[in-house]
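To start, the structure itself, in structure tokens.
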Amino acid sequence: MKIENLSVLEQLDLLRIRSTADIPPHEFLFEWNGTPCFARGELVAVTGKAKSGKTYLNSILMAACAGNGPLGLTRISDKPLKAVWIDTEQSEDTTCEILRDRLSAMIGDQPDDEQYHVFNLRRINRTDRMSLILSAIAICQPDLVIFDGIRDVVGDINNYEEAQDTIGQLLSVASEFHPCIVCVLHQNKAVEDKTLRGALGSELQNKSYETYECSKNTETLIFTIKQTATRKYDLPNAIHFCLSSQGLPVACSSGEEDNDIQELDLRDVFRQSLRGRSEVRAGALKAEVKMRYRITSDVTYSQMILEAVRQEIVVRRAVSNHEVYYQPGPNLYEQSINFGG
């Protein structure tokens, strides 16, 4: 029986949250450098200016559904995740090229059509798109939905009633079928204005569990993915990447040099950051080191931790493909060795 057919008292009793309620905690699809992200049953906003790397982020998420993705994004589940990608912006040949060429290169295999359900709705009338999208989610029942872009299902992006209805429908299907729904929406066109466009952007921002901002430095050609809002786990550092000769995202420095990094004493760095603990999760240790020593580059930290492992200053313990811990190594308290030495 639908909830609308119940009495008011019955509806309120059904909707009431009690302290003794057996409600499971949020389940996350991925970890990004050790930080849980992209929760099931929630909306996630991805935003940025035009050509700022939003589609690359979508590709990275899709790749991580098959296994460990690039740039430190790892799948939490032992089993591959089913993904639905809704493309309303690009041409069919571009969508196919991303699926056939880019994604296959990122996962090292031809994408499985049973795992990846990709739909291009650009030629479908706007008024019919939302119904098809909701049907695709109900039929495919994916773990991850990438909706690029949500602006193309509304007539007036500044109509609050239309915005509330659109976001409400997505929240409803997310609650019913429990996927994480990633909604892509451009920022306002003014360079200095980074807010999401229109009433639709305001409603999406308010109802999203997390927001990720994509940007591109047109001089260095370095892309940045930054978590700008979250209801739970803060991603401590921005993700920087550039494109390989094959057009694939690869980790790189932000382009900002870390001051006096060559003068750091690796043993002192990890003594201070471990703080006497017998074991620290990889993501937590990275966040601690980068914050304590003001390291901006993920590449620099990767070089430091690899060198620390090589010198047996710390020991790496992998619990699984997506869960790694570091422990004090036999040489942690030996004489000092500089990072540059």
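The values are calculated or read from the model by the stated rules, or taken from the named source; none is laboratory data. The structure presented is a predicted model; accordingly, all values stated were derived computationally and were not measured. Glycine also receives a Cβ, built like all others from the backbone with ideal geometry; neighbour counts cover every protein chain displayed.
Screening Leu204 on (1) part of a helix (DSSP H, G or I); (2) surrounded by fewer than 23 Cβ atoms within 10 Å (Cβ to Cβ) shows it passes everything except condition (2).
Exactly one residue out of Val280, Val314, Val289, Val319 is among the β-branched types (Val, Ile, Thr), closer than 21 Å to Leu73 by Cβ and touching a residue at least 24 places away in the same chain (Cβ under 8 Å): that is Val280.
Quick check, is Val269 among the β-branched types (Val, Ile, Thr), more than 30 Å from Glu42 (Cα to Cα) and buried (at least 16 other Cβ atoms within 10 Å of the Cβ)? Before the answer, list the steps.
Working: among the β-branched types (Val, Ile, Thr): yes; more than 30 Å from Glu42 (Cα to Cα): yes; buried (at least 16 other Cβ atoms within 10 Å of the Cβ): yes.
Yes; evaluated as a whole, the condition is true for this residue.
For the stretch 7-31, the tally of residues that are touching a residue at least 60 places away in the same chain (Cβ under 8 Å) and surrounded by fewer than 10 Cβ atoms within 10 Å (Cβ to Cβ) stands at 0. Inclusion of Asp109 among residues that are surrounded by fewer than 20 Cβ atoms within 10 Å (Cβ to Cβ), more than 16 Å from Gly247 (Cα to Cα) and in contact (Cβ under 8 Å) with a residue 12 or more places away in the chain is warranted. Residues in the stretch 125-142 that are polar (S, T, N, Q), in contact with a helix residue (DSSP H, G or I) (Cβ under 9 Å, 6 or more places away or on another chain) and not in a helix (DSSP H, G or I): Gln141 alone.
Kindly provide the set of residues from the stretch 1-21 that are in a loop (DSSP other than H, G, I, E, B) and either in the same structural domain as Phe38 (by TED's automatic domain parsing) or modelled with pLDDT under 80 (or both), ordered by number.
Step one: of the stretch 1-21, the residues in a loop (DSSP other than H, G, I, E, B) are 1-2, 6-7, 16-21.
Hits for the stretch 1-21 are Met1, Lys2.
Identify the residue in the stretch 177-195 that is modelled with pLDDT of 95 or more and closer than 16 Å to Lys207 by Cβ and, among all such residues, is nearest to the chain's Cα centre (by Cα). Among them, the one singled out is Val182.
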